[in-house]
Protein chains: 2
Amino acid sequence: MDHVDHILKQWRQERPDLDVDPMGTIGRVKRLNHALMRAMEKTWAKYGLTDASFDVLATLRREGAPYALSPSDLMASTMVTSGTMTHRINLLEKAGLIERVKNPEDGRGFLISLSQRGFDLIDEAVAAHVETQAQLVSGLTDEQRQQLDALLRQFLAGVEQE
Amino acid sequence: MDHVDHILKQWRQERPDLDVDPMGTIGRVKRLNHALMRAMEKTWAKYGLTDASFDVLATLRREGAPYALSPSDLMASTMVTSGTMTHRINLLEKAGLIERVKNPEDGRGFLISLSQRGFDLIDEAVAAHVETQAQLVSGLTDEQRQQLDALLRQFLAGVEQE
DNA sequence: AGATTATATCTTGATATCAAGGTATGTGTG
DNA sequence: CACACATACCTTGATATCAAGATATAATCT
């Protein structure tokens, strides 16, 4: 009987006309995401990073050499709006972790490129991050985690297309 | 090969020293949560509500008569800080959907109570919300959803205690 | 080529959130 | 009973985000 069960029980009492089973699943996804984010933030903070800055640096790092993407590419990868991405880029540029380079192939745009310091930082931070994540999933067996992956993938496929 | 698979593939290429399987699971939870929230917001907006206001009203409604809780109780249920809850309560009070009543048993505190308009609104909105949620989980069979529930519950139990 | 439409990014303004600290009331201890 | 400590809520200040719109450049179409 966890927190979500309690909520469903209340609804079934108050609104027996409603089928709240899906609410339980979705509620657990929300709470899980919240708890995971809170836990991961602690690791990011050790490197002076936030969700936002880690996200951008990691996206550039995993892209491989030359570690550069346009703001539009970054927006698509990170699911934020253009205003948010501009803001993130400004902060990271001020911190010296990325550089804005004129895009030689498109006069409207820029390329956002990891600086050496940005590269070194994210390379170290991502190792700690992966360790934190391993800790966070340690309540599941490998097999359970893989089952979960498969179900999440299917769920996501049904929801994300539009 | 969804978006998350692509990310993992990039990391395995760039950082073969890291085990990024947990990142896949956690990444799917994050993306799923994001997509679900975006979809549910549309329903809330039809009733002039947001994530935040729906959350508070629903918490009061499902509590049952007399539909009143302290701000502290609401904070605990909704996982936000006290400043955020004060702000939410102010907005809902201004909108005439809740009322602040002096707590007769504790001079320091208030009870937040659903107004009649608040009750009527949330009772209608939650029915639409449940329908939206049913639509969102329709990519899974009932059995798959129950499997997912069980795995999420276990995952959450391991992460949420602290 | 000129006009139109599309794209890439930034700017602006509004809002929700959090962390930290303040004030008032309650609780417990010697 | 006086004093310390805890609790409940609010205030303040900083920040991240989004939606909508502005600007510059590119692509397309006649």
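In region A:11-41, the residue that is nearest to the other protein chains (Cβ to nearest Cβ) out of those that are touching an Asp or Glu at 6+ places or on another chain (Cβ under 8 Å) and in contact (Cβ under 8 Å) with a residue 24 or more places away in the chain is A:R28. Being touching a residue at least 24 places away in the same chain (Cβ under 8 Å) and of a type in the set (D, E, K, R), is that true of even one residue in region B:139-160? No, region B:139-160 contains no residue that is touching a residue at least 24 places away in the same chain (Cβ under 8 Å) and of a type in the set (D, E, K, R). Considering region B:43-77, the residues that are within 10 Å of DNA strand D (Cβ to nearest atom) and touching a residue at least 40 places away in the same chain (Cβ under 8 Å) include one that is nearest to B:V130 (Cα to Cα), namely B:L69. The residue of region A:96-113 that is farthest from B:N33 (Cα to Cα), among those that are touching an Asp or Glu at 6+ places or on another chain (Cβ under 8 Å) and more than 7 Å from DNA strand C (Cβ to nearest atom), is A:E99. Condition test on B:L8, is it more than 28 Å from B:S113 (Cα to Cα), more than 7 Å from chain A (Cβ to nearest Cβ) and assigned to a helix (DSSP H, G or I)? Considered against the rule, which asks whether it is more than 28 Å from B:S113 (Cα to Cα), more than 7 Å from chain A (Cβ to nearest Cβ) and assigned to a helix (DSSP H, G or I), B:L8 comes out as yes. Of all residues in region A:114-124, those satisfying the criterion of being more than 14 Å from every other protein chain (Cβ to nearest Cβ) and either within 10 Å of DNA strand C (Cβ to nearest atom) or part of a helix (DSSP H, G or I) (or both) are A:Q116, A:R117, A:G118, A:L121.
Of everything in region A:61-73, what is at negative phi and within 13 Å of chain B (Cβ to nearest Cβ)? Give them in sequence order. Within region A:61-73, A:R61, A:R62, A:E63, A:A65, A:P66, A:L69, A:D73 qualify.
Counting only residues that are of a type in the set (D, E, K, R) and more than 7 Å from chain A (Cβ to nearest Cβ), region B:137-154 holds 2 of them. Quick check on B:G96: is it more than 15 Å from DNA strand D (Cβ to nearest atom) and either within 12 Å of chain A (Cβ to nearest Cβ) or more than 17 Å from the chain's Cα centre (by Cα) (or both)? Against the criterion (more than 15 Å from DNA strand D (Cβ to nearest atom) and either within 12 Å of chain A (Cβ to nearest Cβ) or more than 17 Å from the chain's Cα centre (by Cα) (or both)), B:G96 qualifies. Applying the criterion of being within 14 Å of another protein chain (Cβ to nearest Cβ), within 9 Å of DNA strand C (Cβ to nearest atom) and not aliphatic (A, V, I, L, M) to the residues of region B:42-55, the residue that is surrounded by the most Cβ atoms within 10 Å (Cβ to Cβ) is B:D55. Any residue that is surrounded by fewer than 21 Cβ atoms within 10 Å (Cβ to Cβ), in the same structural domain as A:Y67 (by TED's automatic domain parsing) and under 14 Å from B:G24 (Cα atoms) - is there at least one of those in region A:92-99? No, there is no match, as no residue in region A:92-99 is surrounded by fewer than 21 Cβ atoms within 10 Å (Cβ to Cβ), in the same structural domain as A:Y67 (by TED's automatic domain parsing) and under 14 Å from B:G24 (Cα atoms). Checking each residue in region B:73-95 for being more than 6 Å from DNA strand C (Cβ to nearest atom) and part of a loop (DSSP other than H, G, I, E, B) picks out B:M79, B:A95.
Closer than 13 Å to A:L111 by Cβ, surrounded by 14 or more Cβ atoms within 10 Å (Cβ to Cβ) and away from DNA strand C (no atom under 13 Å from the Cβ) - does that describe any residue in region A:64-72? Yes: one or more hits.
Only one of the listed residues (A:A58, A:A134, A:A157, A:A127) is under 30 Å from B:Q154 (Cβ atoms), buried (at least 19 other Cβ atoms within 10 Å of the Cβ) and within 14 Å of another protein chain (Cβ to nearest Cβ). That residue is A:A58.
With respect to the conditions (1) modelled with pLDDT under 95; (2) within 11 Å of DNA strand D (Cβ to nearest atom); (3) assigned to a helix (DSSP H, G or I); (4) more than 23 Å from A:D2 (Cα to Cα), B:A39 lacks only one, and its number is (2).
The values are calculated or read from the model by the stated rules, or taken from the named source; none is laboratory data. Just so it is clear, the structure is predicted and the values come from calculations on it, not from any experiment. Here the Cβ is made from the backbone with ideal geometry for all residues, glycine too, and neighbour counts use every protein chain on show.
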